[in-house]
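Report on the structure given below.
Read the figures in this text as sums done on the coordinates, not as results from a lab. Small disclaimer: the values here were computed from a predicted structure and weren't measured. Virtual Cβ from ideal backbone geometry, glycine too; neighbours counted across all protein chains shown.
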Amino acid sequence: MTEPKKLTIATRASRLALWQAYHVRDLLIERFPGLQVNLLEMTTKGDQILDRTLSKIGGKGLFIKELETALVDGRADLAVHSLKDVPVDLQSPFTLAAILERADPTDAFVSPNYHQLSELPAGAVVGTSSLRRESQIRAAYPELVVKPLRGNLDTRLSKLDKGDYDAIVLASAGLERLGLADRIASRLDVSESLPAAGQGALGIETLESRSELIEMLAGLANPATTACVTAERAVSRALGGSCQVPIAAYATLTDNAITLNALVATPDGQRVLRSPRTAGAEGAEQLGNDVAQALKEQGADEILAALQEPTQPDDKKA
Ligand SMILES: NCc1[nH]cc(CCC(=O)O)c1CC(=O)O
C-alpha cells in the first residue's frame, strides 16, 4: 500500500476557509513528516452571489460544488469544510473521511455598544445571515428588528462598523479562527441561540475510492465530536433540512451519553418546537432520527413545508 507523498487541499478562498485549510495542512504535516501539502484556492457560487439570501439561491451546496468537482477531476485530493456547510445528504462518490475536534459551538453577539441581546432597546436592528438565528432572536425578543446580513466575516463586521446594524450575531468559532475574538461582546447561551448542526467542527471530504487517503485522514478525527455531530446531522437529514432552514441541533457527550437538543421554528419566532433527548453514544444516528420524529409529531413538517412555498413573503427582509 502506498500512501500519497503529496496532497492538494481544495478550499474556498475566504479568509476563514483558508485558515481552516492551513490548519488541516499543519495537522497532516505534523502527523506525516515529509508529506507535501498544497492548497488549491477556489471561488464558489456561494461566494460570488452576495445580494440574495442563501435560502433563495439554493442553499449550502453552493459552497462545496466547485471543490467536489476538483476532487473528481483529480486537481485536489481532499476538501476542508466548515461541517455546518456540508450538506447532510453527502453522497457517493464523496465521503466525509474525518470530523475534527469541535471549537466553540456557540453564536457570538457582536456590538460596539451593547453587551448582550437582552440589553438592546426596542427597535434595535440585529443582523444575521441565518433563519435559525433569526427565528430564535424573534421568539425571545419580538421587539427587535432582524435584518439579513451576508458576506464573509470581514464584510459582516464592516457592515456593523458602518452603522447598518446595532448588533450582529455570527458563529464564535469563525471569529476565533480569524483572531477576531476580541470583537465578541458575549457568547449566546445555547438556550438562547441553539447552534446549527455541526457548528464549530471541521469536516474533511474526499472520494470514497481513496482508501489509503481515508486511512491517513482517520487519524485526525475526534471521536466525541464525531458522535455528537452524527446525532445533529441525523436530525437535519430526517427533517429534510438540505436548504437553509430554521433547524438547530446541538449535542454534547458526557460519560458516553449524548444529550441532543434540537428545534424547528418559524422565521417569525411564533412557533418554536423543541425535543431534547439522551441516548448512548453508540446510538447517535438513531437518537437524531428519534428527535426528528418527535419534532415531526409536534408539526415540524408543516413549518418546513410552508418555507418551501415560492410565495414566501421574505421580500420584507430585503
Ligand atoms: N454560514 C457560514 C459559516 N460557516 C461556518 C462558519 C463559522 C465556523 C463554524 O461554524 O465552524 C460560518 C460563519 C457564521 O455562521 O457566522
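Compute the angle between helix 223-238 and the longest alpha-carbon principal axis of the chain, please, reported from 0 to 90 degrees and rounded to the nearest 10.
60
Name the aspartates and glutamates eligible as straight-distance cross-link partners of Lys6: C-alpha to C-alpha under 18 Å, and not fewer than 8 places from it in the same chain.
Of all the aspartates and glutamates, those that pass the test against Lys6 - Cα under 18 Å, at least 8 places apart if same chain - are Asp26, Glu30, Glu41, Asp73, Asp77, Glu205, Glu212, Glu215.
Would the range 236-308 count as rounded, prolate or oblate if I go by the C-alpha gyration tensor, calling it rounded below 1.5 in a/c and otherwise prolate when a/b exceeds b/c, oblate otherwise?
Details: a/c = 2.34, a/b = 2.06, b/c = 1.14.
Cα axes put the range 236-308 in the prolate bin.
Considering only the other residues whose Cβ falls under 15 Å of the Cβ of Ser118, what net charge follows from Lys and Arg at +1 and Asp and Glu at -1?
Around Ser118, the surrounding residues sum to -4.
Considering the options Leu260, Ser191, Pro223, tell which one lies farthest towards the positive end of the dipole of the range 166-318, charges being +1 on Lys and Arg and -1 on Asp and Glu at the Cβ, about the Cα centre.
Looking along the dipole axis, the top candidate is Ser191.
Semi-axes, largest first, in whole Å: what does sqrt of 5 times each Cα gyration tensor eigenvalue give for the chain?
Gyration-tensor ellipsoid for the chain: 32, 23, 19 Å.
Fewest Cβ neighbours within 10 Å first, please rank Val229, Val88 accordingly.
Going from least to most buried by this count: Val88, Val229.
Net charge around Glu285, counting only other residues with Cβ within less than 12 Å of its Cβ (Lys, Arg = +1; Asp, Glu = -1)?
Working: positive: Arg233, Arg237; negative: Glu232, Glu282, Asp290.
Around Glu285, the surrounding residues sum to -1.
What is the magnitude of the charge dipole of the chain about its Cα centre, with +1 placed on the Cβ of each Lys and Arg, -1 on the Cβ of each Asp and Glu, and no other charges, expressed in debye to the nearest 20?
Charge dipole, the chain, about its Cα centre: 560 debye, nearest 20.
Using only Cα atoms, locate the centre of the range 281-297 and the centre of the range 146-199, then give the distance between them in Å, rounded to an integer.
29
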